[in-house]
């Protein structure tokens, strides 16, 4: 899903070479890491993920 979203945004006028900035949730199921691996496996270029996770891991901490 995130890969299709990035592709759709980049297909907009003037955004073909834009850098995608991702704000991924940091949680116990490691979704942020899974998404990052999917981006790498699918050769998605020019992206960065914000990191605020425990111990400097990637992802944005959320509070319940």
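Quick look at the numbers
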read-out	value
Kirkwood-type radius of the chain, with distances r between different C-alpha atoms, in Å	12.5 Å
The chain: calculated mean residue ellipticity at 222 nm from DSSP helix runs of at least 4, using -39500 (n - 2.57)	-9000 deg cm²/dmol
Taking the chain and dividing mean pair separation by its residue count, relative contact order in percent (alpha carbons under 8 Å, at least six apart)	35 percent
Full-stretch length increase - residue 25, residue 57 - with 0.36 nm per residue and alpha-carbon distance subtracted	10.4 nm
Peptides 9-16, 30-37, 42-49 ordered by average Cβ neighbours within 10 Å, highest first	30-37, 42-49, 9-16
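Since every read-out is calculated from the coordinates, none of them should be taken as a lab result. Nothing here was measured: the structure is a model prediction, and the numbers come from that model. A quick note on method: Cβ atoms are made from the backbone with ideal geometry, for glycine too, and the neighbour counts reach across all protein chains shown.
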